[in-house]
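Have a look at the structure below before the remarks.
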Amino acid sequence: MMFRRDRLTPLHRLAAGACLLGLSCGEPFGSGDEPAQGAADPGGMPLHHMTAAEYNTTVAHLLGTRLRPADGFPASGAKGFDANAGALASLSPALVQGYYGAARRLAEEALADEAQRAEILVCDPEDSADAGCPRDIIERFGLRAFRRPLEAEEVARYVAQYEHALTDLEMSPVEAVELVVRTLLTSPSFLLRAELGPDSRRAPGALGGYEIASRLSYLLWSSLPDEALFDAAGRDALATEGELAAQVDRMLADPKSAAFYRNFFGQWLGIRALPSHNVDASLFPVFRGDMKGGMIAQADVYLSGFTTGGRRWSELLTAPHPESPELAPLYAGDPEGARRGFLTLPAFLTLSSHDDRTSPTSRAKTILVQLFCVDIAPPADMVIPELGAAGGDEIPAENVRKKLEKHRESPDCAVCHNALDPIGLSLEHFDAIGAYRTTYPNGDEVDASGTYGGVEFQDLTGLLPELRKDARLGTCPPRQLFAYALRRSPAGEDTAVIQEIAARWGGGTIGDLVKQVVTSDTFRLRRAKRGAP
């Protein structure tokens with residue numbers, strides 16, 4: 001099987017190969033005179049390296065290691081999702097150094113640990129009667145490391161390296177294997193996500209089996225394909241919508257799909273930021289023990305219900321909460337019917353608050369930007385005063401509603417706050433860690449009433465029906481998943497594709513949405529169809 005290296009532009013090869021050899025670094029793969037693959041091609045995926053999370057998960061599944069080398073790699077600084085290829089299109093010297101250091105540690109551990117060693121040594125290289133053993137080890141490990149079969153010239157090169165280690169470097173057979181493993185782990189074919197061909201034999205123009213297998217595995221598992229995917233790829237059995245949909249069902253049912261919740265939902269809805277969120281324990285003494293862990297676990301279970309549990313996304317704002325012993329103190333004061341849906345999860349309420357008080361503005365902005373995909377950006381030259389400065393000392397800090405009323409006296413501030421405050425203030429019955437309250441710390445009664453879209457409401461329960469009517473609740477998830485799956489921000493030409501996906505999905509489960517995305521032409525074809533030539 002021949003892989004199309006000619007699809008990799010000379011600039012790509014220079015940036016990838018030279019940088020990894022330590023000759024030059026920092027240039028984006030696709031900068032300069034030639035546009036990056038995918039820049040004008042809605043079906044293409046630009047050449048890029050793995051995210052830190054993907055690197056850690058990949059080496060864990062490849063080697064069985066518990067090391068997390070990428071935790072020490074420099075951050076990519078992606079806008080939106082970490083996997084946005086635009087932020088992964090260059091290799092800094094620090095990142096390259098991190099790759100080499102990680103490869104040395106990983107290879108050394110893998111051949112020293114009995115369980116890991118057994119995964120790599122599919123035969124005994126010290127058995128002189130089995131002359132083909134080194135080649136078998138290289139081909140087997142290379143397939144999984146490169147996410148495709150090695151070409152004949154690659155196999156010959158790595159076998160020659162193994163033999164050189166034995167004869168010239170006087171290494172033992174196991175030490176020689178370790179050297180080859182280390183080399184494979186620093187190869188561009190391991191570190192970079194590149195789609196170089198060939199096309200599917202059964203569906204000309206579609207991505208080849210190994211390429212689509214990697215797209216699926218890094219979408220749903222943030223890792224390399226498993227044996228079933230490799231087998232399907234080798235048989236070119238990932239070319240039809242039915243085959244892809246069946247793989248989605250299988251993969252979401254696998255425990256490895258926890259990476260999908262953690263990375264897709266965690267980044268889109270912000271849940272992964274909870275471990276670093278601070279809470280003033282002197283003001284909220286009930287916030288103790290593993291309450292953060294309980295919030296994250298509850299949110300994961302809640303969101304998994306919309307992916308593998310059969311719950312429709314249209315119920316996101318009204319579905320009941322999973323029980324959580326760690327969070328029982330927060331639910332203890334709930335009136336009947338006061339808490340339901342994503343917006344009253346302690347994880348959401350805590351993350352959208354400050355460490356010492358609620359932030360209606362932050363809560364409303366999170367709802368509109370994250371759940372409805374509304375672009376909220378004040379003019380670049382606007383100076384936004386602090387909430388305390390706007391209200392001065394005349395209004396107690398504990399009553400956020402009164403502070404916001406003072407804030408809106410500024411015409412510049414009123415433009416955004418008139419849209420945000422009704423939504424955010426509807427959640428004021430829930431404090432900065434998500435516990436229900438009827439009064440502020442100073443004794444003022446909580447007023448969660450407002451008007452949204454011309455409809456008056458008394459609290460969140462009255463606002464929820466209006467939010468559920470908003471069509472953007474059903475059109476935002478397809479846009480978010482499209483960006484996550486294709487590893488780039490949607491371009492203007494993607495709008496029609498996303499609209500078609502949203503229409504076919506109809507607000508069903510996230511699992512159904514995944515199927516709509518992966519069976520779309522943009523995801524599975526080498527180049528998306530754009531009508532008649």
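The values are calculated or read from the model by the stated rules, or taken from the named source; none is laboratory data. What you see is a predicted model; the values in this text were computed from it and never measured. No Cβ is skipped: glycine too gets one built from the backbone with ideal geometry, and neighbour counts run over all protein chains shown. The area values use the complete protein model at the heavy-atom level, side chains included, leaving out ligands, DNA and RNA. Shrake-Rupley method; radii C 1.70, N 1.55, O 1.52, S 1.80 Å.
Scanning region 421-449 for residues that are assigned to a helix (DSSP H, G or I) and either open to solvent by less than 10 Å² (accessible area, probe 1.4 Å) or among the hydroxyl-bearing types (Ser, Thr, Tyr) (or both) returns Asp421, Ile423, Gly424, Leu425. Looking across Ala152, Ala85, Ala112, one residue alone is of a type in the set (Gly, Ala, Ser) and open to solvent by less than 10 Å² (accessible area, probe 1.4 Å). It is Ala85. When region 230-244 is limited to residues that are open to solvent by 10 Å² or more (accessible area, probe 1.4 Å) and part of a helix (DSSP H, G or I), the one that is nearest to Ser90 (Cα to Cα) turns out to be Phe230. For the subset of region 210-228 comprising residues that are hydrophobic (A, V, I, L, M, F, W, C) and touching a residue at least 24 places away in the same chain (Cβ under 8 Å), which member is surrounded by the most Cβ atoms within 10 Å (Cβ to Cβ)? The residue in question is Ile212. Consider Gly289 carefully, then state whether it is in a helix (DSSP H, G or I), over 30 Å from Leu229 (Cβ atoms) and touching an Asp or Glu at 6+ places or on another chain (Cβ under 9 Å). So Gly289 does not fit the description; no. Evaluation of Glu109 against the conditions (1) part of a loop (DSSP other than H, G, I, E, B); (2) in contact (Cβ under 8 Å) with a residue 24 or more places away in the chain; (3) charged (D, E, K, R) shows that the sole unmet condition is (1). All of Leu95, Leu91 fail the test of being at pLDDT below 85 and over 24 Å from Ala156 (Cβ atoms), apart from Leu91. The residue that is most open to solvent (accessible area, probe 1.4 Å), counting only those in region 457-477 that are over 23 Å from Glu336 (Cβ atoms) and not aliphatic (A, V, I, L, M), is Lys469.
Scan region 127-142 residue by residue and report those that are modelled with pLDDT of 90 or more and open to solvent by 90 Å² or more (accessible area, probe 1.4 Å). Reasoning before the result, please.
Looking only at region 127-142, we keep the residues that are modelled with pLDDT of 90 or more, and these are 132-142.
The one that is modelled with pLDDT of 90 or more and open to solvent by 90 Å² or more (accessible area, probe 1.4 Å): Arg135.
Within region 324-372, the residues that satisfy the criterion of being over 26 Å from Gly507 (Cα atoms), among the hydrophobic types (A, V, I, L, M, F, W, C) and open to solvent by 10 Å² or more (accessible area, probe 1.4 Å) are Ala328, Ala332. Here Ala83 passes the criteria (1) part of a loop (DSSP other than H, G, I, E, B); (2) at pLDDT 95 or above; (3) touching a Phe, Trp or Tyr at 6+ places or on another chain (Cβ under 8 Å) except the one numbered (2).
The sole residue among Phe284, Phe306 that is within 30 Å of Pro441 (Cα to Cα) and in contact (Cβ under 8 Å) with a residue 40 or more places away in the chain is Phe284. Residues in region 265-281 that are touching a residue at least 12 places away in the same chain (Cβ under 8 Å) and farther than 23 Å from Ala364 by Cβ: Pro275 only. The residues of region 62-76 that are in a loop (DSSP other than H, G, I, E, B) and under 20 Å from the mean Cα position of the chain (by Cα), listed by number, are Arg68, Phe73, Pro74, Ala75, Ser76.
Residues that are at positive phi, touching a residue at least 12 places away in the same chain (Cβ under 8 Å), of a type in the set (Lys, Arg) and touching a helix residue (DSSP H, G or I) at 6+ places or on another chain (Cβ under 8 Å): does region 121-142 have at least one?
Kept after step one, since they are at positive phi, are these residues of region 121-142: none.
So far as region 121-142 goes, no, none of its residues is at positive phi, touching a residue at least 12 places away in the same chain (Cβ under 8 Å), of a type in the set (Lys, Arg) and touching a helix residue (DSSP H, G or I) at 6+ places or on another chain (Cβ under 8 Å).
When every residue of region 478-491 is checked against the conditions, none turns out to be open to solvent by 20 Å² or more (accessible area, probe 1.4 Å), farther than 30 Å from Ser217 by Cβ and either part of a loop (DSSP other than H, G, I, E, B) or touching an Asp or Glu at 6+ places or on another chain (Cβ under 8 Å) (or both).
Looking at region 325-362, which of its residues are under 19 Å from Leu303 (Cβ atoms), in a helix (DSSP H, G or I) and under 23 Å from the mean Cα position of the chain (by Cα)? Across region 325-362, the qualifying residues are Phe342, Leu343, Pro346, Ala347, Phe348, Leu349, Thr350, Leu351. Close Cβ contacts (under 9 Å, 6 or more residues apart or on different chains) running from residues in region 149-164 that are over 26 Å from Arg235 (Cα atoms) and aromatic (Phe, Trp, Tyr) to residues that are outside any helix (DSSP H, G or I) and at pLDDT below 95 comprise Tyr162/Pro125.
In region 295-318 there is at least one residue that is part of a loop (DSSP other than H, G, I, E, B), open to solvent by less than 50 Å² (accessible area, probe 1.4 Å), among the hydroxyl-bearing types (Ser, Thr, Tyr) and at pLDDT 95 or above.
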